[in-house]
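What follows is a single structure, written as structure tokens, with notes after it.
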Amino acid sequence: MDYHMLKPESLMMSYGYKPELSEGSIKCPIFQTSTFVFKTAREGKSFFELAYGLREKEENESPGLIYSRLNNPDLEILENRLTLWDKAEDCAVFESGMSAISTVLLKFLKPGDLLLYSNPVYGGTSHFIKDILTGFGIDVLPFSAKDSQEMILDRLEQSGKAQNLAMVYIETPANPTNSLIDIRMCRDIADSYSNSDRRVLLSVDNTYMGPIWQHPLAHGADLVLYSATKYIGGHSDVIAGACLGSRELIGQVKEMRTFLGNMAGPWTGWLLMRSLETLKVRMTTQNRNAERVAAFLVNHPKVKRIHFLGNLDDPRQQEIYNRQCHSSGAMVSFDIKGGETEAFAFLDNLKLIKLAVSLGGTESLAEHPATMTHAGVPPEERESHGISEKLLRLSIGVENSEDLIWDIGQALEKVKTSPDARKTANLILSEA
Ligand SMILES: *Cc1c(COP(=O)(O)O)cnc(C)c1O
């Protein structure tokens, strides 16, 4: 079968798995084993030669199974399936999104190197960059979605360390505001400090949009990172991560993973394969529901402003969106009229939607970034990124959209609006 003819969603049930090797089982079994039996000593020797890079891989040879920290069928088949969405040469899966991210940063940065990164990034990533990498003598420099290419280049030059730039690391859309960063612009920045000896790498955390709604490798990224806990896992029942890119770079990532020992286990691999079968239908439904929820919120008298990729008001952001995203996604944030009291009243009155952090699962979730996911961000920085006390974040799931809208509507109704906000609400209502 010519796999290249077929769309990824058609291959999620079969790609990379041979039933005849597993008693004809239609589904890949869970290979719950730590080690694998070699047929002969010669075979064991040959597997190790390849694993330790003592010889080149022969044509069509795939690495032999040795030990589950190095490889395991549930991980290898999952990795092969994941490459299809991003059209990547190779993939490495990890026991969490943070282990994928930290392994990549540790592998490709050395003391004295400079890391340029977009701010805000996921809280765990931010802590790893600011508190752990700097402890190893790595310099770090943040920029925001508002900064132009010229401003970023100026800041790099002013740092006096631009020639040490080793990686640009971005997260787009940014959590929780949905601000977009231009991947192509970041490639240009990385290229302007690359030379024949060393390529400045561009890594993109694509958790919010991937692997269906945005493909960073196609826009010049070297590495794509995922918290597979989110859309890829999709059922809020497993923690995992993934990294994709060229065979050459992922080979280096896998080597680091072998020695840090932070690969996912076979049970996680099996759960994620099961999740991938419904990835496209889940994400398609989630996006459709999110569009409907956003349409309901956008004119609601108790809502000040919504932050959703389907309702952008900035022309520069819209231009990036048109070029780089295939969908408006399923993360809807909004500013409620009022502050923390009104935001908490909304959260406490939701009936169907659960009050919890995380995102991308089948069930819809709501949270208050300023006091929850982003509580660790200094207040001035929070304000400057628009993470105010008014901001609420929704991860939209696969429920019936009318039920979601009913729940959001009834919770908003219970929010007692302060006299000021009520005046505006009446004004809007009388205009409508
Ligand atoms: C959740 C998340 C992570 C961390 O992933 P874990 O699987 O929780 O380790 C990283 N980046 C983004 C954007 C996330 O949402």
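Nothing in this text is a laboratory measurement; each read-out follows from the coordinates by a stated rule. Computed from a prediction, not measured in an experiment: that's the story for all the values here. Note that we place each Cβ from the backbone using ideal geometry, even for glycine, and neighbour counts take in every protein chain shown.
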By the mean-Cβ-within-10 Å protection proxy, highest first, 241-250, 105-114, 40-49 rank as 241-250, 105-114, 40-49
Order by neighbour count: Leu404, Leu225, Leu359, fewest other Cβ atoms within 10 Å first, most last. Leu404, Leu359, Leu225
Among Arg55, Arg155, Arg274: highest mean-square fluctuation, GNM of the chain, C-alpha pairs under 10 Å: Arg55
Too long at a 32 Å Cα-Cα cut-off: which of Lys45/Lys130; Lys254/Lys280; Lys18/Lys110? Lys45/Lys130; Lys18/Lys110
Set the Förster radius R0 to 22 Å, insert the Cβ-Cβ distance between Arg42 and Lys18 as r into 1/(1 + (r/R0)^6), and round the FRET efficiency to 0.05. 0.40
Burial order of peptide ranges 277-285, 3-11 (average beta-carbon count within 10 Å, highest first): 277-285, 3-11
Need one number: nm distance between label points at Arg288 and Arg184, each 7 Å from Cα along Cα→Cβ, rounded to one decimal. 3.1 nm
Least to most buried among Met98, Met209 (fewest other Cβ within 10 Å first): Met98, Met209
In Å, what Rg and Dmax follow from the Cα atoms of the stretch 280-431? 15.2, 45
Specify the inter-centroid distance of the stretch 284-330 and the stretch 214-266, based on alpha-carbon positions, in whole Å. 27 Å
Average projected area [Cα convex hull, the stretch 96-194], square nanometres: 6.0 nm²
How many angstrom lie between the C-alpha centres of the stretch 72-131 and the stretch 152-197? 17 Å
With no solvent and one point per C-alpha, what does the Debye sum give as log10 I(q)/I(0) for the chain at q = 0.07, 0.09, 0.12 Å⁻¹? -0.37, -0.61, -1.02
In nm, give the distance between the simple-model label positions of Lys146 and Asn80, each being 7 Å from the Cα along the Cα-to-Cβ direction. 4.9 nm
What is the calculated FRET efficiency for Glu49 to Arg199, with r their C-beta to C-beta distance and R₀ = 35 Å, to the nearest 0.05? 0.75
Who wins for biggest fluctuation among Asp182, Asp335, Asp147 in a Gaussian network model of the chain, springs between alpha carbons below 10 Å? Asp147
Footprinting proxy, Met185, Met273, Met372: sorted fewest to most Cβ within 10 Å, the residues are Met372, Met185, Met273
